[in-house]
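A.B. asks: Have a look at this one.
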């Protein structure tokens, strides 16, 4: 996070938060030199996610954001058309330690918690929380493993030229 979120409320009390978020990529080039590149993204969160960001997210907080890319245009004061690209967040997960957490584990949830927030629900998605019907929530089991149609298997490689 580059700075604290700017949160405002529209006339109908709909919350909207905006903030810059950096992504960094580290790699070694062909010469073996370490290269680091950083890109900044404009993040926009609405409703419950915006309220969570307003309450818990501060400059320096590590976040996982999932959403869609949206490009919009506007006219500046001189009448020039400007374009801005934003990430409209649908899901957000707080990463790293809580600011007030000195324990070794850190984090925003326990080992069973997903610690995430989604646009559909502004409540945290807790792994062990009971859903509406009072039944204990359970993680779905992994789907049965399907055979890979491209796997050569025990019969050896196929006869494709590539």
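What follows is calculated from the coordinates using simple rules that are stated; it is not laboratory data. What you see is a predicted model, and the numbers here were worked out from it, not measured in a lab. All Cβ positions, even for glycine, are placed from backbone atoms using ideal geometry, and neighbour counts span all protein chains on display.
A.B. asks: I need 43, 87 ordered by Cβ neighbour count within 10 Å, fewest first.
C.D. replies: Going from sparsest to densest Cβ surroundings: 87, 43.
A.B. asks: How much length, in nm to one decimal, is gained on full extension between residue 95 and residue 34, taken as 0.36 nm per residue of separation minus their Cα-Cα distance?
C.D. replies: Gain in length upon complete extension: 19.4 nm.
A.B. asks: Quote to one decimal, in nm, the extra length available between residue 76 and residue 3 on full extension: 0.36 nm per residue of separation minus the C-alpha distance between them.
C.D. replies: Here the segment from residue 76 to residue 3 would lengthen by 23.9 nm.
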